[in-house]
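Only one structure is covered here, and it is reproduced in the block below.
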Amino acid sequence: MEAELNNILCPNAKKCGGCRWQGVPYARQLEIKEAEVRRLMGKYCRVAPIWGMEQPLHYRNKVQAAFGTDRHGRVISGVYQSGSHRIVPTDECMLEDLTADRIIADIRRMMPKFKMTAYDERRRSGFLRHVLVRRGFATDEVMAVLVSSTPIFPAQKAFTAALLEQHPEITTLVLNINDAETSLVLGQREKVLFGRGYIEDVLCGNRFRISPRSFYQVNPVQTEKLYRAAIDFAALTGRERVLDAYCGTGTIALCAAGAAGEVAGVELNRDAVRDAIANARANGVHNCRFTCADAGAFLEEAAAEGERCDVVFMDPPRAGSDLRFLRSLLRAAPARIVYISCNPETLARDTAVLAKGGYSVRRVQPVDMFPFTEHVETVVLMSRLGR
């Protein structure tokens, strides 16, 4: 396995740009990522050795492909070339789930038979724009999402039957309509063609509902490690009031619920909040409540009403937290903050604000969530000075 990981070269690497560390031994990748976190966070406390993967290939449980035509008019599918909207035809990716790759390739091959056309961005014509496939690694449930430019799908019944016959592992099929001139993959309207319209997966002992538009970590193997580190850092005793900011489908909140007094989750994505509520119900968790709101505004309102918060989990996007949220966090003054970061640069920036506001960094744990890319996740524990 080690020799294999040291000599991987994808023929599409230079055009795609999705995994830039082609040919870099995996052990060396981990060294580089750990050093980057140490460079940015080492001044606060010792940085623990990075947690890598034993099998760092085909780890992405969410795969999406763009559809178009080549200069000969043939339907192609794949990823956009880095920095452009030019499609790099791809049937298989070293990072993506192989089941998802096979489904996408077969959908492309089936399209001519059912007179399904690929979308043309310049002419704004054609039917199929993207295909999104998500698989629950623990449950083996599979969701395929056809992203179309119109709700009119003449071949709907025949195509659905043929696809399910070819891929009986698909547990739900959804038509997502995106008729806007946008770079976003998914639109706001959906129609369930088969199944429940969502899949479920198991993470840290809890079962989670995943809809087409809801956020769910794409590497569940490393997510287990990431979240267990976060829960361990929080040192919950069963009495704490916990806030999970940027809670998504409630993964961290529900993982923490068994060791906390009560947990509040806040998220701007309405679909994710709906799933979080359903996830709490499905797992029999009664001490969690979820709110669709801006995390900063939620904290400000809670502080104004005199509600205390003992521990805050924060898992912001790559851009990090905004100043409004950080200021609200400092006013709320929880005893401990557990920051889960997907960008060491913005982590260091936000940490500086919190350190200036009276927090001390106690532990730093890097986790490799995205092998063969430059990205690295980090879990950081901060506590109020004097606590």
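The values are calculated or read from the model by the stated rules, or taken from the named source; none is laboratory data. Computed from a predicted structure; not experimentally measured. Ideal geometry is used to build each Cβ from the backbone, glycine not excepted, and the neighbour counts take in all protein chains shown.
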Taking the residues in segment 255-313 that are of a type in the set (Asp, Glu) and in a strand (DSSP E or B) as candidates, determine which candidate is modelled with the highest pLDDT.
-> Glu262
Of the residues Val242, Val273, which is without any contact (Cβ under 8 Å) to a residue 60 or more places away in the chain and not assigned by TED's automatic domain parsing to the domain that holds Ala158?
-> Val273
Per the filter on segment 213-236, residues among the β-branched types (Val, Ile, Thr), under 13 Å from the mean Cα position of the chain (by Cα) and within 17 Å of Phe313 (Cβ to Cβ) are Thr223
Tally time: how many residues in segment 167-201 are closer than 21 Å to Ile87 by Cα and aliphatic (A, V, I, L, M)?
-> 5
Segment 134-153 residues that are touching a residue at least 24 places away in the same chain (Cβ under 8 Å), paired with ones that are polar (S, T, N, Q) and assigned to a loop (DSSP other than H, G, I, E, B) (beta carbon under 8 Å, 6 or more apart) = Arg134/Asn61; Arg135/Asn61; Gly136/Asn61; Phe137/Asn61; Val147/Asn178; Ser148/Asn178; Ser149/Asn178
Filter segment 314-331 for residues that are of a type in the set (A, V, I, L, M, F, W, C) and part of a helix (DSSP H, G or I); which is farthest from the chain's Cα centre (by Cα)?
-> Leu330
Check on Lys33, under 22 Å from Arg362 (Cα atoms) and crowded, with 20+ Cβ neighbours inside 10 Å = yes
Regarding Leu163, is this residue surrounded by 15 or more Cβ atoms within 10 Å (Cβ to Cβ), in a helix (DSSP H, G or I), touching an Asp or Glu at 6+ places or on another chain (Cβ under 8 Å) and at pLDDT 95 or above?
-> yes
Select from segment 221-262 the residues that are farther than 18 Å from Thr378 by Cα, surrounded by fewer than 21 Cβ atoms within 10 Å (Cβ to Cβ) and small (Gly, Ala, Ser) and list them in ascending order.
-> Gly238, Gly258, Ala259, Gly261
Right, Arg209: basic (Lys, Arg), touching a residue at least 40 places away in the same chain (Cβ under 8 Å) and in contact with a strand residue (DSSP E or B) (Cβ under 8 Å, 6 or more places away or on another chain) or not?
-> yes
Considering each of Thr182, Thr251 in turn, give the residue that is free of Cβ contacts under 8 Å to residues at least 12 places away in the same chain, at negative phi and of a type in the set (Val, Ile, Thr).
-> Thr182
Test for Asp201: is it over 30 Å from Leu254 (Cα atoms) and either of a type in the set (Val, Ile, Thr) or not in a helix (DSSP H, G or I) (or both) = no
Six or more apart or on different chains, Cβ under 9 Å: which pairs go from a residue in segment 30-49 that's of a type in the set (Phe, Trp, Tyr) to one that's not in a helix (DSSP H, G or I)? Could you list them?
-> Tyr44/Ser360; Tyr44/Val361; Tyr44/Arg362; Tyr44/Val364; Tyr44/Val380; Tyr44/Met382
Which residue, of Arg336, Arg274, is of a type in the set (D, E, K, R) and within 25 Å of Ala229 (Cβ to Cβ)?
-> Arg336
Any chance Asp140 is of a type in the set (D, E, K, R), under 15 Å from Ile199 (Cβ atoms) and under 25 Å from the mean Cα position of the chain (by Cα) | yes
Given the residues Phe215, Phe208, which is the only one that is among the aromatic types (Phe, Trp, Tyr) and buried (at least 23 other Cβ atoms within 10 Å of the Cβ)?
-> Phe208
Criterion: under 23 Å from Leu95 (Cα atoms) and in contact with a helix residue (DSSP H, G or I) (Cβ under 9 Å, 6 or more places away or on another chain) - qualifying residue of Val185, Val218, Val147, Val142 | Val142
